[in-house]
Structures are given as C-alpha cells and as structure tokens.
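K.L.:
I'd like to ask you about the structure that follows.
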Amino acid sequence: VIVQEPNEAEFDGMPQSAISTGVVDFILPVGEIPATIVRYHQTRPQVPIIEDKREATEDERVILQKIFGLLRARTERDFSRYKPATVLRRITKRMQLNYIEDLAVYLERLRERPEEVRALADDLLITITHFFRDPQVFEKLEREIIPQLFEKKREGDPVRVWSVGCATGEEAYSLTILMVEAAARFDIAVTIQVFATDLHSAALAKAREGVYSGDIAADVSEERLRRFFERENGGYRIRKDIRELVVFAAHNALSDPPYSRIDLISCRNLMIYLERDVQQDLIDLFHYSLNPDGILLLGSAESIETSELFRVADKKLCLFYKRNVPSREPRLSVFPLTRNHFPVTPPPRNIRILRRSSTAASISRWWSNM
Ligand SMILES: C[S@@+](CC[C@H](N)C(=O)[O-])C[C@H]1O[C@@H](n2cnc3c(N)ncnc32)[C@H](O)[C@@H]1O
C-alpha cells in the first residue's frame, strides 16, 4: 500500500487516516509513486511454492530456517507452525517491497536491519477484520446463544468472553455490544469481562484507542452507532464505558497460558493460518478454558474435526458447545513467552504447559508439509 506524503498533500486527512491503519508500505511524494510501482512489479522474488509450485531446494530450506531463527530471536514469535504457503507469500511480498529477488540476499537484509525483521513478523500476522463480521453469526449470538448464556447467570455473576486474535478490536467490541444489550434486556446486574488478545502490537494499540473510520457505518447499525460510539474527526470512537469493559493484551495463543472460566471464546480467522495439528492443539486448549457448556465460535472457514470435546450448536455458523468431559492435556508447548503478557489464571495441576524451546521438531514438521 502506497500513501502520499501527508506534508505534500493539500488535505492531509486522507493520507494520515490511511497511515493510521498500520498497513501502509510506502509513504512517498506523488512524483516518486509511479517509479516505485514499476520497480515493485519488475521485482520477481525466487521463492519456492509461490513462483512455480516447485519443491524448496536444500539451500532455500536452510535459508528459511535461518529466517525463522531471526524472527524467533528478535520478536519471540515462532512461525514454524503456520502454513508454509502463507508464510512464503508474505516473505515474497517483503522481498518485493525491498526490491530483492534472491532469498539469500533477503536473509542478509534481515540480518542488517532489525526493522525489516519486525516488518516481516508483522506482515506474517494478517489483521483484516470488521465489526459484526459475518452478520448471521452475530444475529444467532444475539437471538439464541447469548440469551441462553444469560439465563444461567445470577445477580453479580461474571460473564467472561475471550476474543483470541482480536486484531484491531472490532470483533471484541462487537461482542461487548451484544453483551451490554443482553444485560439490559435481562435486567440483571452481571459483570461483563471481555479479554481480547493478539500478537500484533500496532493492531492492539489501535484497538485500545477504539477509533475507526466513517466506513464502519456499513457494518454497524445507526442505532448502535448512536448508542455505543461518539463522532470523532469524521470517524467514530467507541464510547469510554464500552472500552473499559475490554482488556486488550499481548498474548500468544500458541504459547502463553490461556484464560480460564470463560463463557464464550471467539477465535475466528486465526486457525486458518495454522497447520492442522496445531489447530487441534488450540481446540484442546479452548476446551480447557471454557466453563461447562461454554461456547466456541470459529471463523467461517474453520471447523472442529472430532466431536469428543465439543458438540455442534450451528455447523454453518461454526458455533460449538463445550462437552462437559475432562479436558485433554494441552500439547501446546513450544513457543517462548510473549513479553508483557497479562496475568492469567494458572492452569490446574493436571494441565502441563511445557516451555521448551521449539525449533527442530516444529521446523522439520513444517518442511514435511512443503
Ligand atoms: C485475520 S485476523 C482475525 C481478526 C478477527 N478475529 C476476525 O475474525 O475478524 C487474525 C489475527 O490473529 C492474530 N494472530 C495470529 N497468530 C496469533 C497467535 N499465535 N496468537 C495471538 N494472535 C495471533 C493476528 O495478529 C491477527 O490479528
């Protein structure tokens, strides 16, 4: 994404607002934009799978392992359990933005420039989201699932929601709005606690601010805009009392200890980027985190393979209820701790969160999928 240098623009509102999304790759004077586009398109990175669906060569495998190593060392994130095609596509994009065609040269660039490691690590996390994404899902939650949840609550009980991979916050705020509306309908004084976690720090910063462009009017009804938002600089800011119900925190779903005693977990459009076995590991972890009969909501292209731990609430909408059977011991193990993660309830003693350093096993698994 290229944006005009705001100082040069007659009205700087539009470029500033694009820059604030955190997805801009170049900020340039208009005169430099055409040559940049041409150079970007003329750069043809040589990356396995993406270019010609060929197997990676031994040299490329070694280089990619080194790239993973740099990412782990400098950002504490391990991408070796993400799907190879996504990872390689993002590396290709970063190479193009750096006008680099050779993987070994890109590795050198990463070694020389820590900011490129950070940029790659952030690009590997895809933070696209919307308010009330997949409206039928939110209608079902509003009409059936959340009322059932509230019916079981008594005065003073907490209602705990966890939005895993919350990106810039739209999903967490959408769920909070539904909870606040339900609490008013049921006229019961429950404590609403929404935990919203992600690995992408710029996305989390935007989520905490709660400032969104005017475009959200396409996804949020007029009534909700009036009730839960304030107008700000041509856009909308979620109201302070709603912001205060949500705790946004840096948290790696694959390595940091999970929350527990949760009524509703929403983990949408995150598992799709992970390999199958780690998807199952996450499902096991969510089973442990949920209260009896707790609800798990997945993204529209995500599902649960075995039904031992969950039963279907609505297959099409990817909604599941926890089965009240003992949790399996989570296998999630191999990721280092994310810094600054927030305090969570420690798992019970029969649940072991292993913390050994990853790599060899997970990287060889990664390659066997290429
Ligand atoms: C496509 S967004 C989904 C946003 C929202 N859940 C939705 O469906 O609209 C995926 C999010 O998952 C986050 N993510 C990826 N891996 C993660 C991990 N291991 N732990 C926590 N968040 C992760 C990314 O940073 C990104 O913000």
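K.L.:
Kindly give the semi-axes, whole Å and largest first, of the ellipsoid equivalent to the range 206-308, taking each as the square root of 5 times a Cα gyration tensor eigenvalue. Spell out each step's value before the answer.
P.N.:
Working: eigenvalues 199, 48, 38 Å².
That gives 32, 15, 14 Å for the three semi-axes.
K.L.:
Calculate how steeply helix 276-289 sits against the longest principal axis of the alpha-carbon atoms of the chain, using the helix alpha-carbon long axis, and give the answer as 0 to 90 degrees to the nearest 10.
P.N.:
The angle comes out at about 30 degrees.
K.L.:
Follow-up. Angle, helix 58-75 long axis vs. longest principal axis of the chain, Cα atoms, 0 to 90°, nearest 10?
P.N.:
In the chain, helix 58-75 runs at an angle near 50 degrees to the longest axis.
K.L.:
Additional query: Working out 0.36 nm times the residue gap between Thr21 and Asn7, then minus their Cα-Cα distance, what length gain in nm do you get to one decimal?
P.N.:
Length difference between fully extended and current span is 3.2 nm.
K.L.:
Same structure, new question: Please list 143-156, 250-263 highest first by mean number of surrounding beta-carbon atoms within 10 Å per residue.
P.N.:
Numbers: 143-156: 14.1, 250-263: 20.9.
Ranked from most to least packed, the peptides come out as 250-263, 143-156.
K.L.:
Test of the criteria: in the range 230-285, which GluC sites (Glu not before Pro) are in a DSSP loop and have at most 15 other Cβ atoms within 10 angstrom of their Cβ? If you can, show how the numbers build up before the last one.
P.N.:
Values: sites: Glu230, Glu232, Glu244, Glu275; in loops: Glu244, Glu275.
Taking the range 230-285 and a limit of 15 other Cβ atoms within 10 Å, the loop GluC sites (Glu not before Pro) found are Glu244.
K.L.:
Excluding Ile33 itself, calculate the net charge of residues whose Cβ lies under 14 Å from the Cβ of Ile33, where each Lys or Arg counts +1 and each Asp or Glu counts -1.
P.N.:
Numbers: positive: Arg39; negative: Glu5, Glu8, Asp25, Glu32.
It works out to a net charge of -3.
K.L.:
Something else: Pulled fully out, how much extra length does the chain show between Arg239 and Gln148, if you take 0.36 nm times their separation in residues and subtract their Cα-Cα distance?
P.N.:
Numbers: separation 91, 0.36 × 91 = 32.76 nm, distance 2.68 nm.
Gain in length upon complete extension: 30.1 nm.
K.L.:
Once Rh is set to the Kirkwood radius over Cα pairs, what Stokes-Einstein translational diffusion coefficient, in µm²/s, holds for the chain at a temperature of 37 °C and a viscosity of 0.692 mPa s?
P.N.:
Rounded to a whole number, D works out at 148 µm²/s.
K.L.:
With n ≥ 4 as the cut-off for DSSP H runs, can you work out [θ] at 222 nm for the chain, using -39500 (n - 2.57) per run divided by the number of residues, rounded to the nearest 500?
P.N.:
Values: 14 runs with 142 residues, N = 370.
Mean residue ellipticity at 222 nm (helix-derived): -11500 deg cm²/dmol.
K.L.:
Here's something else I'd like to know. Quick check: convex hull of the Cα atoms in the range 1-92, volume per residue, rounded to a whole Å³? Spell out each step's value before the answer.
P.N.:
Working: hull volume 11.7 nm³, N = 92.
Normalising the Cα hull of the range 1-92 by residue number yields 127 Å³.
K.L.:
Within the chain, what percent of beta bridges assigned by DSSP are antiparallel, to the nearest 5? Let's see the in-between values first.
P.N.:
Values: 14 of 37 bridges.
Roughly 40 percent of the beta bridges in the chain run antiparallel, per DSSP.
K.L.:
With contacts defined as alpha carbon pairs under 8 Å and 6 or more residues apart, what's the relative contact order of the chain in percent? Display every interim value, and only then the final one.
P.N.:
Working: 576 pairs, mean separation 53.9, N = 370.
With pairs under 8 Å counted, the relative contact order is 15 percent.
K.L.:
Hey, what angle do you get for helix 33-42 against the long axis of the chain, alpha-carbon based, 0 to 90 degrees rounded to 10?
P.N.:
Tilt relative to the chain: about 80 degrees.
K.L.:
At what distance in nm do the modelled label points of Ile33 and Arg208 sit from each other, each positioned 7 Å from its Cα along Cα→Cβ?
P.N.:
A separation of 3.3 nm, rounded to one decimal place.
K.L.:
Still on this structure, I have one more. Compute the Cα gyration tensor for the range 146-229, then decide on rounded, prolate or oblate, letting a ≥ b ≥ c be the square roots of its eigenvalues: rounded whenever a/c is under 1.5, prolate when a/b is larger than b/c in the other cases, and oblate in all that remain.
P.N.:
Details: a/c = 2.74, a/b = 1.43, b/c = 1.92.
Cα axes put the range 146-229 in the oblate bin.
K.L.:
A further question follows. Counting other Cβ atoms within 10 Å, which trypsin sites (Lys or Arg not before Pro) in the range 1-88 have at most 14 and lie in a DSSP loop?
P.N.:
Answer in residue order: Lys53, Arg54.
K.L.:
Going through the cross-link list Lys152/Lys240; Lys153/Lys322; Lys206/Lys240; Lys206/Lys315; Lys66/Lys93; Lys83/Lys206, which pairs have a Cα-Cα distance over 23 Å in this structure?
P.N.:
On the way: Lys152/Lys240 28 Å; Lys153/Lys322 17 Å; Lys206/Lys240 14 Å; Lys206/Lys315 32 Å; Lys66/Lys93 18 Å; Lys83/Lys206 27 Å.
Long pairs (Cα-Cα over 23 Å): Lys152/Lys240; Lys206/Lys315; Lys83/Lys206.
K.L.:
Test of understanding: in a Gaussian network model of the chain with alpha carbons linked when under 10 Å, which of Ser307, Ser327, Ser289 would top the mean-square fluctuation ranking?
P.N.:
Comparing Ser307, Ser327, Ser289 in the GNM, the peak value goes to Ser307.
Each value in this text was obtained by applying a stated rule to the coordinates, not by laboratory testing. As the structure is a prediction and not an experimental result, all values here were calculated from the model. Neighbour counts run over all protein chains shown; Cβ positions are idealised from the backbone, glycine included.
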